[in-house]
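Heads up, the thing below is written out as structure tokens.
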Amino acid sequence: MVKLADLMANAAQIMKLDLARIRLATKHAGLKGGAAEEVLAKFLKQRLPGSLGITTGHVVDANGGLSKQADVIIYDALRTPILFESALDGWDVVPAEGVVAVIEVKMHLTAADIPSVVANCDSVMQLRRDAYIGHAVQTIDAYGSRWNELPVYYSLFAYESDSMYAAELNELLSSHALQDRIGSVCYLDRGVSLHADLSGGAAALVPVATELATLLDIPTPNALLLWLTALSTVVSVGASRRPIDLMRYAPEEHAELRGTVRGTSPEVARRRAEAAGQQTLTGLGMDPATAACITTKMLDGQPLTAGDLRAVEAVGGQVVPDDEGHAKLVIPTRGS
């Protein structure tokens with residue numbers, strides 16, 4: 001019988017060998033760090049659901065907020081557009097609404113790294129995630145609250161470490177909201193830090209922080225297995241997000257599906273507005289031909305027919321006049 005623990009132990013040994021090869025191949029800290037992130041990303045791509053995308057880069061919100069460099073970003077690949085892709089450097093900019101988890105990767109973790117880890121986590125958690133289209137069809141109970149979308153899960157992965165740091169992390173995170181705390185730590189050479197409820201005497205592991213559960217250091221040779229099961233549990237629950245209202249990310253260009261983008265030609269502005277309008281309407285469930293027709297009429301200032309209005313209302317939208325009497329499309333962006 002094949003045991004999952006044996007498979008994960010073998011995978012851990014391969015990752016450690018990869019780390020040794022990285023160190024032999026280059027002395028450049030940046031290149032070594034990037035290669036270590038790629039090793040973990042490859043491991044996760046082979047084991048997490050195919051609907052999840054994995055990249056590196058930055059997370060951004062519709063208000064212009066930007067995270068620090070995020071080593072591994074896990075996102076809903078079916079509904080999340082990549083806002084910017086650097087072919088040269090291999091990193092992406094991902095809208096916060098589609099991000100499911102962020103993992104910080106350390107080749108060697110020390111106590112001196114812990115404050116910066118918390119700061120990096122804070123840079124992700126402070127981003128707003130409210131540029132959604134439509135209402136949530138389900139809610140999720142976690143962190144002592146009910147959510148339309150599960151908050152971003154932040155984890156730390158260290159190939160090597162001087163020690164285990166649950167106590168230090170708990171102290172630094174004690175004033176943070178439950179959903180803004182670091183969810184787990186993997187020390188590949190030592191064990192894991194996972195949330196555990198100790199109120200009943202024995203430690204009861206739970207997937208995320210609660211009022212009674214804080215991080216607990218667990219020395220184990222099966223660190224990779226325990227960490228992956230905790231991560232997989234959370235990201236599987238939070239894997240599906242609502243469609244993202246990209247118009248919120250460019251309010252000057254797309255807020256009313258018309259007008260000229262400052263600094264660009266009218267032709268480019270028109271194409272951008274048409275694409276944004278059609279994407280918004282089809283994202284709500286409207287068929288592409290009807291979405292294209294309604295978008296063109298609104299951009300050209302043509303009156304909408306009763307059928308057009310019914311089609312917009314059928315997908316949860318509304319057409320209202322703006323201050324100048326032009327038709328303006330209103331799309332619900334917040335869950336109830």
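The values are calculated or read from the model by the stated rules, or taken from the named source; none is laboratory data. This one's a predicted model, so the numbers in the text were calculated from it and none came from an experiment. Positions of Cβ are backbone-derived with ideal geometry, glycine not excepted, and every protein chain shown enters the neighbour counts. SASA here: full protein model, heavy atoms, side chains in, ligands and nucleic acids out. Shrake-Rupley method; radii C 1.70, N 1.55, O 1.52, S 1.80 Å.
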Accessible-area composition of segment 93-241, carbon plus sulfur, in percent [1.4 Å probe]: 53
Qualifying trypsin sites (Lys or Arg not before Pro) in segment 74-141, DSSP loop, other Cβ atoms within 10 Å at most 14: 128
Ranked order, 249, 132 - accessible area, probe 1.4 Å, largest first: 249, 132
Shape category assigned to segment 39-178 from the gyration tensor of Cα positions, a/c cut at 1.5: oblate
Heavy-atom SASA rank of 236, 193 (probe 1.4 Å, accessible area, largest first): 236, 193
Residue-normalised accessible area of segment 33-115, given per residue in Å² at a 1.4 Å probe: 41
Rounded if a/c under 1.5, otherwise prolate or oblate - segment 117-228, Cα gyration tensor axes: prolate
Residue 17 - accessible surface, heavy atoms, 1.4 Å probe, Å² rounded to 10: 100
Accessible area of residue 198 in the full protein assembly, 1.4 Å probe (Å², nearest 10): 90
Under the Karplus curve 6.51 cos²θ - 1.76 cosθ + 1.60, θ = phi - 60°, whole-Hz ³J(HN,Hα) for segment 124-138, x wherever Gly or Pro sits: 7, 5, 6, 6, 7, 9, 10, 8, 9, 9, x, 9, 5, 8, 8
Prolate/oblate/rounded label for segment 127-174 (Cα gyration tensor, a/c 1.5): prolate
By accessible area with a 1.4 Å probe, ligands and nucleic acids excluded, highest first: order of 117, 137: 137, 117
